[in-house]
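A.B. asks: Could you have a look at this structure, given as structure tokens, before my questions?
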Amino acid sequence: MADKLTHIDDDGRAHMVDVADKKDSKRMARARGFVSLSAETLSAIAEGRAKKGDVLTVAELAGIMAAKKTAELIPLCHPLPLSRVKLVLTPQNDGIAVEAEVGCTGKTGVEMEALTAVSVACLTVYDMVKAMEKSARIGPIELVEKSGGKSGDFKRDAE
């Protein structure tokens, strides 16, 4: 392997990369995911008949909380001073689309925070409807866009 792995030290041990000398920059990342659900389950959610409560609001809050806890969940992530976390859950014909946008001014990106927010929001939807629908499926979950830092901007082509 020609390139040195950034999260492995000279002794082959995992470590968190030192970002102390990096300049702060405005960072943003957007991620999306999907929970496939039946029309019956979607109706129950829309009509407030889910036994565990307001599925969309609880999942949005869970996603926001998860973004703030990413460094506690993913071992080599840096704790970041997030300035913005926005979750939007949108019912569609075949399920619920989940999108997160996360921002901060810092030394490293917020991709993992956006992906964690979407993942936990999707898991929360699943948890809240699993008694109604055994066939609920999560995925795909993907990074859609990021900006800031020296690695350049990224935007997934529209599908």
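A.B. asks: I need the full set of residues from region 6-64 which are at pLDDT below 80 and not charged (D, E, K, R), in order please.
C.D. replies: If the condition is that a residue be at pLDDT below 80 and not charged (D, E, K, R), then 6, 7, 8, 12, 14, 15, 16, 17, 20 are the ones that fit.
A.B. asks: Given the conditions (1) closer than 30 Å to residue 20 by Cβ; (2) exposed (fewer than 12 other Cβ atoms within 10 Å of the Cβ), and given that residue 47 satisfies all but one, which numbered condition is not satisfied?
C.D. replies: Tallying (1) closer than 30 Å to residue 20 by Cβ; (2) exposed (fewer than 12 other Cβ atoms within 10 Å of the Cβ), residue 47 fails exactly one: (1).
A.B. asks: Pairs, please: C-beta under 7 Å, at least 6 apart or cross-chain, first residue farther than 8 Å from residue 35 by Cβ and without any contact (Cβ under 8 Å) to a residue 12 or more places away in the chain and in region 128-140, second of a type in the set (A, V, I, L, M, F, W, C) and buried (at least 17 other Cβ atoms within 10 Å of the Cβ)?
C.D. replies: Hits for this filter: 130/136.
A.B. asks: Going through region 130-159 one residue at a time, which ones are surrounded by 12 or more Cβ atoms within 10 Å (Cβ to Cβ), of a type in the set (A, V, I, L, M, F, W, C) and more than 19 Å from residue 99 (Cβ to Cβ)?
C.D. replies: Listed by number, the list holds a single entry, 132.
A.B. asks: To continue, here is another question. Which condition breaks for residue 71 when tested against (1) in contact (Cβ under 8 Å) with a residue 24 or more places away in the chain; (2) farther than 20 Å from residue 155 by Cα; (3) small (Gly, Ala, Ser); (4) in contact with a Cys (Cβ under 8 Å, 6 or more places away or on another chain)?
C.D. replies: Going through (1) in contact (Cβ under 8 Å) with a residue 24 or more places away in the chain; (2) farther than 20 Å from residue 155 by Cα; (3) small (Gly, Ala, Ser); (4) in contact with a Cys (Cβ under 8 Å, 6 or more places away or on another chain) one by one, residue 71 breaks only (1).
A.B. asks: Moving to a separate point now. Filter region 91-108 down to residues that are of a type in the set (Gly, Ala, Ser) and modelled with pLDDT of 95 or more and give me whichever is surrounded by the fewest Cβ atoms within 10 Å (Cβ to Cβ).
C.D. replies: So, considering only residues that are of a type in the set (Gly, Ala, Ser) and modelled with pLDDT of 95 or more, the one surrounded by the fewest Cβ atoms within 10 Å (Cβ to Cβ) is 97.
A.B. asks: Is it the case that region 17-39 has a residue that's over 21 Å from the mean Cα position of the chain (by Cα), farther than 25 Å from residue 109 by Cβ, touching a residue at least 24 places away in the same chain (Cβ under 8 Å) and not in a strand (DSSP E or B)?
C.D. replies: yes
A.B. asks: Report every pair of residues separated by at least 6 positions or lying on different chains whose Cβ atoms are under 6 Å apart, first residue within region 148-159 and at pLDDT below 85, second in a loop (DSSP other than H, G, I, E, B) and surrounded by 10 or more Cβ atoms within 10 Å (Cβ to Cβ).
C.D. replies: Listed by first residue and then by second, the contacts come to 149/109.
A.B. asks: Right, residue 88: farther than 15 Å from residue 124 by Cβ and loosely packed, with under 15 Cβ neighbours inside 10 Å or not?
C.D. replies: Considered against the rule, which asks whether it is farther than 15 Å from residue 124 by Cβ and loosely packed, with under 15 Cβ neighbours inside 10 Å, residue 88 comes out as no.
The values are calculated or read from the model by the stated rules, or taken from the named source; none is laboratory data. Note that this is a predicted model, so its numbers are computed, not measured. A quick note on method: Cβ atoms are made from the backbone with ideal geometry, for glycine too, and the neighbour counts reach across all protein chains shown.
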